Amino acid sequence: KMMQNVHLVPEADEDDLYSGYNDYNPTFDTEDLENDVAFQQAARTSHGRRPPVIAKIPGTSASRSLATGFGSKATLNSSMGRPTTGTIQDGIARPMTAVHAAGYTKAAMRGSSFDPLGQARGPASPLEMKNSDRSEEKIRQLEKKVNELVEESCIANSCGDLKLALEKAKEAGRKERVLVRQREQIATPENINLDLTFSVLFNLASQYAANGMYAEALNTYQVIVKNKMFTNGGRLKVNMGNIYLKQRNYSKAIKFYRMALDQVPSAHKEMRIKIMENIGVAFIKTGQYIDAISSFEHIMSTSPNLKAGFNLILCYFAIGNGEQMKKAFQKLIAVPLEVDYDDKYISPNDDPHTNLLIEAIKNDSLRQIECERKSMAEEYIMTAAKLIAPVIDTSFAVGYDWCVEVVKASHYVELANDLEINKATTYLRQQDFNQALEMLKMFEKKDSRVKSAAATNLSFLYYLENDLAQATNYADLAVNSDRYNPAALTNKGNTVFANGDYEKAAEFYKEALRNDSSCTEALYNLGLTYKKLNRIDEALDCFLKLHAILRNSAQVLHQIANMYLFLD
């Protein structure tokens, strides 16, 4: 039998292309396993089975007994307390292993499910935080709460609830002090959040000032200013100067403004200009016009603006320097407005897309800002011209003529007509009616707005002279030129009232009030008209409304008393 598995070498070497393909390892020959004595013996005995393993506590060096398939016990000694492999029993070698399969123990088999990863035990308990970590978390939460209180305080202030804003600011201050103490206990002082401390104190001082608690505000600002750890705290002396200015303590206001000016670097040009404006205003309040002029002249030479230019004119007016008033007025006229003029709102062609764009930007928010800035500039210029015209030359007429010429040479050409009308009204105040009429008649051929203003004044003049026909003609001209002119409508109502048509006069007065609810002349005349129509309740209502506007008018009080007399 053994010879059947032996392959003999051929006697002669032959070159066979297909030789070797049928040669294989006899180990893999399974055809004669039934006749293999060694294999059959292994199949009938425990040679083909793994010996059972008794679960013991691993990791000890104690000897253990190992039961075998032959019914005997073999004592195995191992340095690791594990059974060895390759043990020889009765001269027969059989395989053994010390590998302990995970999860396949007898203890796991006794009434328990298969769970090699221990998932049935549930999630692991959370890790306990160290005391330092817990303290840091509390501090972070407290910082978050302080920031929220500061924000709530600012929002309440912007909504006008000053009392709530102050309460929130105080609460933020209390919590911030607790936060600082906790920080000092667990960390070095360098870890204190200085930005948070600064914002809390600054907000608290601002809320004190908003509520009129100036002493508390100044004390809080002092805490910031004196703390050298706040690098830019010195700039808050501007706020302290503002408080002293409100308290009319002008000398201290100037002192703090100057200290703040020293703290602000030259790179912050705009802020320095604003501080210098405040210094100039404080000098005006104290009557130190020369010092104020020095401040405003510096501003007008470096960064000119309308307010500084107007204040400069006031200072020169106060000291009576006519030549300097002229120069200051020219500087005021030359201040750049930085706005686009009306040319860009005029369509250059009939392109529908361009027209749509122009319509969209005609009344947007930027256009409104431009209109407000232009209106403010015109108001400053008109006020300054009316102020200096009577004193810069030998007569007010010559002074007005000079102002008109200067305005005509600037971007404010439209103001020239307004100045000439003001010149005519000045003649009226001086009771020089001929000069006033002569000037006003020059505007009959001007544009509609100027024509309406001139015609209104002419109507008033002829009304005073009891020339109702001329007064009516110019009143009609004024209304037709500008239907939204409340003064023109009031004059038209006066002419109708003088002719005895009270109902129609009331309609003109009402229309004037619809165009301008603050037109006191129309409201007073409407009350007189209702009185003529014997509508006493409505007349009393008009005079009471007028009394709310003009609290100390003797004429209004007389009419109210007269109405109550009629009601009795």
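The values are calculated or read from the model by the stated rules, or taken from the named source; none is laboratory data. Owing to the predicted nature of the structure, the values given are computational and were not obtained by experimental measurement. Cβ sites come from the backbone with ideal geometry, for glycine too, and all protein chains shown count toward neighbours. Please note that ligands, DNA and RNA were not included when accessible areas were found on the heavy atoms of the full protein model with its side chains. Shrake-Rupley method; radii C 1.70, N 1.55, O 1.52, S 1.80 Å.
Among residues belonging to region 290-303 that are of a type outside the set (D, E, K, R) and surrounded by 17 or more Cβ atoms within 10 Å (Cβ to Cβ), point out the one that is nearest to Glu338 (Cα to Cα).
Across region 290-303, the extreme among qualifying residues is Met300.
Are any of the residues in region 404-412 touching a Phe, Trp or Tyr at 6+ places or on another chain (Cβ under 9 Å) and open to solvent by less than 60 Å² (accessible area, probe 1.4 Å)?
For region 404-412, residues touching a Phe, Trp or Tyr at 6+ places or on another chain (Cβ under 9 Å) and open to solvent by less than 60 Å² (accessible area, probe 1.4 Å): present.
Please go through (1) free of Cβ contacts under 8 Å to residues at least 24 places away in the same chain; (2) under 17 Å from Asn466 (Cα atoms); (3) not hydroxyl-bearing (Ser, Thr, Tyr) for Arg514 and return the number of the only condition it doesn't satisfy.
Every listed condition holds for Arg514 apart from (2).
Answer yes or no: is there a residue in region 489-497 that is part of a helix (DSSP H, G or I), buried (at least 20 other Cβ atoms within 10 Å of the Cβ) and charged (D, E, K, R).
yes
So that you can scan it fast, the table gives a plain yes or no per residue for (1) assigned to a helix (DSSP H, G or I); (2) open to solvent by less than 60 Å² (accessible area, probe 1.4 Å):
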site: Glu521; (1), (2): yes, no
site: Tyr530; (1), (2): yes, yes
site: Glu538; (1), (2): yes, no
site: Asp541; (1), (2): yes, no
site: Ala548; (1), (2): yes, no
site: Asn552; (1), (2): no, no
site: Met563; (1), (2): yes, yes
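Listed here are the residues, each with its yes/no results for (1) at pLDDT 85 or above; (2) charged (D, E, K, R); (3) buried (at least 16 other Cβ atoms within 10 Å of the Cβ).
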site	(1), (2), (3)
Ile333	yes, no, yes
Tyr341	no, no, no
Lys344	no, yes, no
Ser347	no, no, no
His353	no, no, no
Ile361	no, no, no
Ala385	yes, no, yes
Val391	yes, no, no
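Might you check whether a residue that is closer than 17 Å to Asp401 by Cβ, open to solvent by less than 30 Å² (accessible area, probe 1.4 Å) and free of Cβ contacts under 8 Å to residues at least 60 places away in the same chain occurs anywhere in region 457-468?
For region 457-468, residues closer than 17 Å to Asp401 by Cβ, open to solvent by less than 30 Å² (accessible area, probe 1.4 Å) and free of Cβ contacts under 8 Å to residues at least 60 places away in the same chain: absent.
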